[in-house]
Each structure stands twice: as C-alpha cells, then as structure tokens.
Amino acid sequence: MDAQDQVEKFKDFIESVYLEKLHEVVRKGESSLIIDFKELVQFAPELADDLLEKPGDALRSIELSLDSFDLQEAGIIKIRFRNLTDSQKILIKDIRASSLSKLVAIDGIVRQASEVRPQVVSAKFECPSCGNTITIPQLESKFKEPTKCSCGRQGRFHLVHKVLVDSQRLVIEEIPEYLEGGEQPKRLAVYAKEDLVDPKMEKRATPGSKIRVVGVIQEIPIVAHGGGQLVRFDIVVEANHIEPLEETFFDLELSKKDVEEINNLAKDPKIYEKFAQSIAPSIYGHEKVKEAIVLQLMGGVKKLKDDGTTIRGDMHVLLVGDPGAAKSTMLNFVSKAAPKARFVSGKSVTGAGLTSTVVRDEFIRGWALEAGALVLANGGICCIDELDKMTPEDRAAMHEALEQQRISVAKANIQATLRAETTVLAAANPKLGRFDPYDPIAKQIDLPPTLLNRFDLIFAIRDIPNKKMDEKIATHVLNLQKNPEKARSAIPVDVLRKYIAYVKQKIKPKLTEDAIKEIKEFYVNLRNSEQQGEEGLRPIPISARQLEALVRLAEGSARIRLSEEVTKEDARRAIDLLEYSLRQVGVDPETGKIDIDRISTGISASQRGKIVTVREIIHELEKKIGATIPVKDVISEAISKGIKEDQVEDALEKLKRSGDIFEPRAGFLQRL
C-alpha cells in the first residue's frame, strides 16, 4: 500500500472502531491512543502487514491520518500498539539481523533504568540574510544545524525554536523462565520517549519489574576510538508501547488438564512424603530439611495491616553443614524447580549484585539504577550458596531485604525503594570448615546474630560416621552412578512448578481456632517452662519472631493440601519443624534448655548471667582494694561462687570488648 492508501485505510479503521476512544483520549488530555493490533488485523490485514514490515513509514502515515479528525486543541496524539500476534513475539536471545526495522514484542525484566532527560527532536533556524526559516529534524545523537540557505548564505544561523521530548533508556534482561539450564540471560537496551516516560508509566518500569515492549529494533553505529565508524553495530529497541506484566512468578498459564492433575495430586494422603521425596531425589535422607524446603516453596500468606505495614509471607531457611553434605545440590535443584528463581554463590557475590547498584549511563549521560539478584527474584526464591564466604559488608546489605522485603537506595542523585518480596534459601559452612563435635553448634556459625535471627529455620547438616547410614548412602550414590536415570522424582519437576504456581495464585489459607490454640499453647508453655534463675536472666526459648515463623510454616502446610483452612495438624507440623531446628542450634549446652538468645544475640542467658556476676565481683573488689584489681582475686572470688576459671576468663574478655573494663598492666584490671 502507498502512503495515501495507508492514511485512508487507517482513517476508516479509527472511524469504525476507535472513534469513541479517540474522543475520550482528547477529553482526558492524554497524548496517546492505544490500539489492539489484533483488531487492526481483522479490519485491514494489508495495513497490519505494512506496519510489521515497514513500521517507520506506516506509523508516520497512521499519525498523519489523525489530522483529518480536527484535533488541533489536543496537540499531537501518538498511536501505540499492544497485543501483537504470537509470530511477532521474539526472545532477546533470538534477535538477529533479519529482525532489524521490524515491529516486534519483547518480554523482559527491567535491569536498569536511567533518569528521564529532555531530548531535541526538531529545531527551527532563521537565516540572518533573507529571514527564511529552516526546520531540521534531529535524528542523530549530535545536534544538527543547517549548512546552507536557499538564498546561498552559509555559516551560522539563528536558533528560533526547538521541540523537546522526555526520553529514558531502559535495559531489559531475559525472563528466567525462558532460559534453558545455566544460560546467561541476554540484555537489550530500550529507548522510550514522550508519554512512555510519564511519571505513572515510569513507576511501572522500575528495576525488577516485568514488562512487554512493543517497538522497532534499530541498529546504532559504534564509534571507534580514533573517530570513524566500526563495521559492527549495536542494537536498541525504539519503544512504541510499554506494558507492565504481572510482576509475580505466577505467569505459568495452567490449562484445565493441569488444574485437574493438581487437584487429584492434592487428594493423595501421602502428598507431604511425595513432595519431600521430589526435592533433590539424588540426595539420600535429610527428610526434615526437604520438608522445610517444600513448605518454603509454598510460602505463607502476606498480610496487609490497616496502618499500611505488612507481615511477610515468605520464609527464609539457612542450611549450615559439613562439606560434601549436598547443600549446594539442594540449592541447585530448588533454583531449577521454582517457577522464578536466582542462584548466586559466595565469593562471586557483592552487596550491589545482591541488592542494587547505581551505574553511569553512557547513553543519556546520567546515573541509572540497576537491580540485583534479590530484586530480580521478587515474588520468587533466591538461593545463596556459600553465605559464610561473603564479606561482612556484602552480607549486611541483606538485612533490610530479609525482613522489610524492600531495598532502599540512596546513591549518587538517586533515592529509590525497590521491592524484594523474595524467599531466601541460603547455605553456609561452619567457622572451621567442619562442625566440632565438642563445641555448641551455634558458636560455630560464623554469621552475625542479627542476620541469623532473620531466618525462620536454621538446619545443621552433620556428616557423622554411622555404619548403617553410611551403607545406605553409599548404595544410593553408587546406584545413581551406575544408572543416573533412576533419580526420578515422585512428582516431576514441571508438575512441581505448576503446583507451586497454582498454590501461589489461588490458595490463601486462614488460621482456624484449633490451629491458633495449638500454636499459642506451644509458644506460652515453652517461654514459661523455665522458672529458675533471676527474673531478668531466665533463658528465653523463643520470641515473637518465631511465632510468626510458625504461622508461615502452618500456612505453607495447608497450601500443600490446597486447603483454605490452617488446621491443628498443620500447626503441629510447623511446631515439629521449628523444635527440630531449635534443638540443633538453640540449645544452651550448660542448661540443656532451648535459648533463642544463642541465635539472636550470640550470648546465652547462662553466659550473660556469668558476665553479670563477674562484673559485680569487680565492683565489690573495687570498694575493698581500690581502682586497680588483680585478675587472680577476681578468679578466686568467682570460683567461690561456682563459676569455672575458663568461664571467668571468657567473661572478662567479653567485658573488655564491650568497653566496661581495661587492663592497665598485665594481671590487673580497672573499670572504665
């Protein structure tokens, strides 16, 4: 079709299908009309073909056709197309030279977003000699001036007027679901301008958001260092329309057959065992850990309070274990089985890579925000291996993401808050590489108590020789080496993914009175089972944080059965898992009682009691002896009160570190 036919055809299309919508756009003062491409295909298939093959010319003709509708007051109205046919949808990794200058739809996650900056699209100049006006469209990156006037004058011209539009550069990355195996996600720059970067739209295209871009793929020349142009070109998408997609990982479309299969599976009385066996089937044992991972994948229900605050539904699990205890294999399996997941590991992780960073944008010469793994896994799961190998500064970046489920950025001239509603499954090794059987486990986890406290469940995976168990593990591993195909899940991975997606979409269980009573009894009884010791120094078995963890675990348990109610059995399952976790890492070796302070502060109640006693002894001796007190006097006084010598030395060391006492000379102490 020639340009005139295109104008006429599109005018007819607007009059018959979109006239009412066009008037509404004008009435509201909007600057773009969004058209469903499939409606254009039905009305004028030839025009639709032209639009796909030569979008530049077709779009100009289409916008010209609006001139006949007498919309002068409304200014220029842009035409935006959505809902392209499936044949025009393309993956970032599949873009080739044949895709250039075609109208396509591309899905991706926003990885980077620059600041919005004005850009000149056209400039009007006046000739000083004859007064003639010359309009130059600004299509390239450098500002272009006229070289010659029709009257023959050359040289400088007066700039009379320039048309500016807002522009922004986004970098989108391939969606994890579209990747096969360990593929590196490909990136693509998207160039958006005018109404596509208005404040409302900009909020929906922040780093971590999932968007669909309809636009034209253009080549950009790469300038060589010494000037001139390279034979290689870069590519960019000039956006015609940007549409936010669902920002959760529930994008798996489920057919009626899938839903039937899920409902039949939920009726199985052994559903819990089947799910646990399906988590990393190549690993023998670790039933409790696998059960916890299943509940974690299902997740709890996020709750919004009236005051605007939220209670997170995501639960975090930490596996601390001896080398070779298959922690990484479990994490790898989960990162492949979960509908939306990111896998990162130890030394190769920085705080910026986990949360977000601000980078220099060469395209618009400003600063751009780039999302890290926890933001990109928003609504999904992030598996962090070798957590203990990360530097303390990088680990500190996780604190806000784990509890508040957001990441606040205040870098360069950018202040932003990114959503990170992400479940974290992490693995770490003990301080000395392997657990020491004679030292309490909690003492051997080389992670700050503030971070440990944010994990709902912590599992210690021990590798202790045991003839019966070793025989079973050896048989299992060697049989797998002989017949690798035997490592089959009770539930196939694709069904597992669909099941999790269905649960997250549809099932929002509520606590029943029986479940509340069960959790409440456990919480109150455990907290008040210890009546010995001073009021202030009694061990605190669990805190309100674990109470929330119990609710999340119980909700996860109900979701597996596709139940809308959390029953007493779900509460019992949650309590068993929490007790199992606390018995491993939260038991005070001196009293044999559960003490949450071992995790949340790093110092147990019995230890704190001894520190207080030693401090009081120093205070008493100061009154008798004077300011400088011999260490041997403190030790002998403490021994008479039933504290061992090594415990006194440990308490003195902690008091020195906290700045309560100092050593003016060897063998003597003084209070600060």
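The condition of being out of contact with any Ser or Thr (no Cβ under 8 Å at 6 or more places or on another chain) and either loosely packed, with under 11 Cβ neighbours inside 10 Å or at pLDDT 80 or above (or both) holds for only one of 230, 164, 179, 170, that being 164. Remark: residue 622 falls outside the filter, which requires a residue to be modelled with pLDDT of 80 or more, of a type in the set (Asp, Glu), crowded, with 19+ Cβ neighbours inside 10 Å and outside the structural domain of residue 318 (by TED's automatic domain parsing). Report yes if residue 61 is of a type in the set (Ser, Thr, Tyr) and under 29 Å from residue 209 (Cα atoms), otherwise no. Considered against the rule, which asks whether it is of a type in the set (Ser, Thr, Tyr) and under 29 Å from residue 209 (Cα atoms), residue 61 comes out as no. For the range 491-536, how many residues meet the condition of being aliphatic (A, V, I, L, M), modelled with pLDDT under 80 and either over 23 Å from residue 583 (Cα atoms) or surrounded by fewer than 15 Cβ atoms within 10 Å (Cβ to Cβ) (or both)? Result for the range 491-536: 2. Entry remark, the range 301-336: residues being of a type in the set (Val, Ile, Thr) and in contact with a helix residue (DSSP H, G or I) (Cβ under 8 Å, 6 or more places away or on another chain) number 5 in total.
If I filter the range 389-411 for residues that are assigned by TED's automatic domain parsing to the domain that holds residue 452, in contact with an Asp or Glu (Cβ under 7 Å, 6 or more places away or on another chain) and under 19 Å from residue 427 (Cα atoms), do I get at least one hit? Checked the range 389-411: no residue is assigned by TED's automatic domain parsing to the domain that holds residue 452, in contact with an Asp or Glu (Cβ under 7 Å, 6 or more places away or on another chain) and under 19 Å from residue 427 (Cα atoms). For the range 341-356, the criterion of being in a loop (DSSP other than H, G, I, E, B), under 30 Å from residue 117 (Cβ atoms) and under 19 Å from the mean Cα position of the chain (by Cα) is satisfied by at least one residue.
Residues in the range 257-307 that are within 19 Å of residue 503 (Cα to Cα) and among the aromatic types (Phe, Trp, Tyr): 272, 275. Against the conditions (1) among the aliphatic types (A, V, I, L, M); (2) at pLDDT 75 or above; (3) assigned to a helix (DSSP H, G or I); (4) out of contact with any Lys or Arg (no Cβ under 8 Å at 6 or more places or on another chain), residue 201 satisfies every one except (2). Residues in the range 268-285: is at least one in the same structural domain as residue 461 (by TED's automatic domain parsing), at pLDDT 75 or above, charged (D, E, K, R) and not in a helix (DSSP H, G or I)? Yes, the conditions are met somewhere in the range 268-285.
Regarding residue 123, is this residue assigned by TED's automatic domain parsing to the domain that holds residue 186 and touching a helix residue (DSSP H, G or I) at 6+ places or on another chain (Cβ under 9 Å)? Answer is no for this residue.
Counting only strands (runs of 3 or more DSSP E) wholly contained in the range 17-133, the ones carrying 1 or more residues that are basic (Lys, Arg) occupy 78-82, 103-114, 117-126.
Of all the criteria given as (1) surrounded by 12 or more Cβ atoms within 10 Å (Cβ to Cβ); (2) out of contact with any helix residue (DSSP H, G or I) (no Cβ under 9 Å at 6 or more places or on another chain), the one not satisfied by residue 64 is (2).
Residue 311 meets each of the listed conditions (1) farther than 24 Å from residue 388 by Cβ; (2) of a type in the set (Val, Ile, Thr); (3) surrounded by 21 or more Cβ atoms within 10 Å (Cβ to Cβ) apart from (3).
If the condition is being among the polar types (S, T, N, Q) and in a loop (DSSP other than H, G, I, E, B), then the range 416-431 contributes 422, 429.
Within the range 75-88, the presence of at least one residue that is within 30 Å of residue 231 (Cα to Cα), touching a residue at least 12 places away in the same chain (Cβ under 8 Å) and in contact with a helix residue (DSSP H, G or I) (Cβ under 9 Å, 6 or more places away or on another chain) is confirmed. Contact map, the range 654-672: residues that are within 10 Å of residue 628 (Cα to Cα) paired with residues that are assigned to a loop (DSSP other than H, G, I, E, B) and small (Gly, Ala, Ser), Cβ distance under 7 Å, separation 6+ or inter-chain. Pairs shown: 670/627. Screening residue 59 against (1) modelled with pLDDT of 80 or more; (2) surrounded by fewer than 18 Cβ atoms within 10 Å (Cβ to Cβ); (3) of a type outside the set (Ser, Thr, Tyr); (4) under 42 Å from the mean Cα position of the chain (by Cα) leaves a single unmet condition, (2). The residue pairs whose first member lies in the range 34-46 and is surrounded by 14 or more Cβ atoms within 10 Å (Cβ to Cβ), whose second member is part of a strand (DSSP E or B), and whose beta carbons are closer than 6 Å, counting only pairs six or more residues apart or on different chains, are 34/80; 34/82; 35/81; 37/81. As a summary of the residue check, residue 130 satisfies the conditions (1) over 26 Å from residue 56 (Cα atoms); (2) out of contact with any strand residue (DSSP E or B) (no Cβ under 8 Å at 6 or more places or on another chain); (3) modelled with pLDDT under 80; (4) not charged (D, E, K, R) except for the one numbered (3).
In the range 93-114, the qualifying residues are those that are among the charged types (D, E, K, R) and either surrounded by fewer than 18 Cβ atoms within 10 Å (Cβ to Cβ) or modelled with pLDDT of 85 or more (or both), and the one that is nearest to the chain's Cα centre (by Cα) is 107.
The values are calculated or read from the model by the stated rules, or taken from the named source; none is laboratory data. Computed from a predicted model, the values in this text were never measured in an experiment. Note: ideal-geometry Cβ built from the backbone for every residue, glycine included; neighbour counts use all protein chains shown.
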